[in-house]
Amino acid sequence: MPPVDRRRILTGMAALAGAGLLAPFARAAAPLERPIPVTGERLPAVGMGTWLTFDVPAGAERNTRLPVLREFFAAGGTLLDSSPMYGYAEAVLGELVPQAKPARVFNATKVWTPVRALGVKQMEESFAHWGVKRFDLMQIHNMLDWETHLATLKEWKAAGRVRYIGITTSHGRREEALLAAMKRERFDFVQFSYSFADRDAEKRLLPAARDRGAAVLVNRPFDGGSLFGAVKGKPLPGWAAQIDCANWAQVFLKFVISHPAVTCAIPATSNPAHMRENMGALSGPLPDEALRRRMAADVAKFL
């Protein structure tokens, strides 16, 4: 057998790479991640919400959500956000996530009821629905009886039943109350709405979260889907190519996750193709501050 000509092999591989024939074997770029300020643990900057989309009773329709989860995990997603408020969503996740066989899950849910005893009962039910012994994140949903539940969550965090504690609001409601709560207590996570159509969080909530060292989850990054209606039939602006956006979903998400205080956006969908589009926002460059201003001005013309 003749000796191996390494130079010829390397030259041949370079030619194949130049022709794009080695692309299927190239290592995929890691998804964009952001650190959780209190620990430095990193999360992919796009997660998955489950409001309405995963509220599916037992039956054949429930299985249609499995491809959505598979798309999410295949693209590097980890954070799943739910709540007892979302009907069957927690039970659906408990049933389907094991079937999706993800390498990693960051499970986040909420407590949404008054009174300590009812909160404990509800959270225990969430453990059963999800089939987990520990939640990565337990949040107080829409600040309902938040001081009462916070005491419980501090105890559970110390005991290792939850890793992080958070508090939420949405639709721009209760901003003053949330700011006051953040000033009084140090939450690991805060969650609120932020999008092209609702930028109020830029004024105080996002700066406050950054100052207090809280991770930020953004709900309603598509403004409940209304942003898609506003741009229907509109071509992508020229600057979309600069940040590798192939569709409007990626434009909307890259604007949100490019804010330096945002940790993770959590859009919801029941469509696997839409999930694939959403997760595309985890690759390619993000807009700098100058481009963010231009994006906001251009999209505002459609709103």
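A compact table of results
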quantity	calculated
Global geometry of the range 34-300, whether rounded, prolate or oblate, following the gyration tensor of its Cα atoms and the 1.5 cut on a/c	oblate
Beta bridges by DSSP in the chain, antiparallel share as percent, to the nearest 5	15
Fewest-first ranking of His149, His171, His259, using other Cβ atoms within 10 Å as the exposure measure	His171, His259, His149
Centroid-to-centroid separation of the range 175-213 and the range 50-73 [C-alpha atoms, Å]	30
GNM flexibility winner over the chain from Ala74, Ala273, Ala158 (Cα, springs under 10 Å)	Ala158
Per-residue [θ]222 nm for the chain (sum of -39500 (n - 2.57) over DSSP H runs n ≥ 4, rounded to 500)	-11500 deg cm²/dmol
Residues Asp188, Asp288, Asp223, Asp298 arranged by fewest to most Cβ contacts within 10 Å	Asp288, Asp298, Asp223, Asp188
The chain: relative contact order in percent, alpha carbon pairs under 8 Å with at least 6 residues between	19
Length gained when the stretch Leu179-Ala230 is fully extended (0.36 nm per residue, less Cα-Cα span)	15.3 nm
In nm, spacing of pseudo-spin labels at Gln99 and His171 (7 Å Cα→C-beta vector)	3.2
For q = 0.20, 0.22, 0.26 Å⁻¹, Debye-computed log10 I/I(0) when each Cα of the range 76-157 counts as one equal scatterer	-0.86, -1.01, -1.33
Mean Cα-pair separation over length for the range 151-291, i.e. relative contact order, pairs under 8 Å, 6 or more apart, %	21
Cβ-placed point charges (K, R +1; D, E -1), dipole of the chain about Cα centre in debye, nearest 20	600
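Every number in this text was worked out from the coordinates using simple rules, so none of it is lab data. The structure presented is a predicted model; accordingly, all values stated were derived computationally and were not measured. Cβ sites come from the backbone with ideal geometry, for glycine too, and all protein chains shown count toward neighbours.
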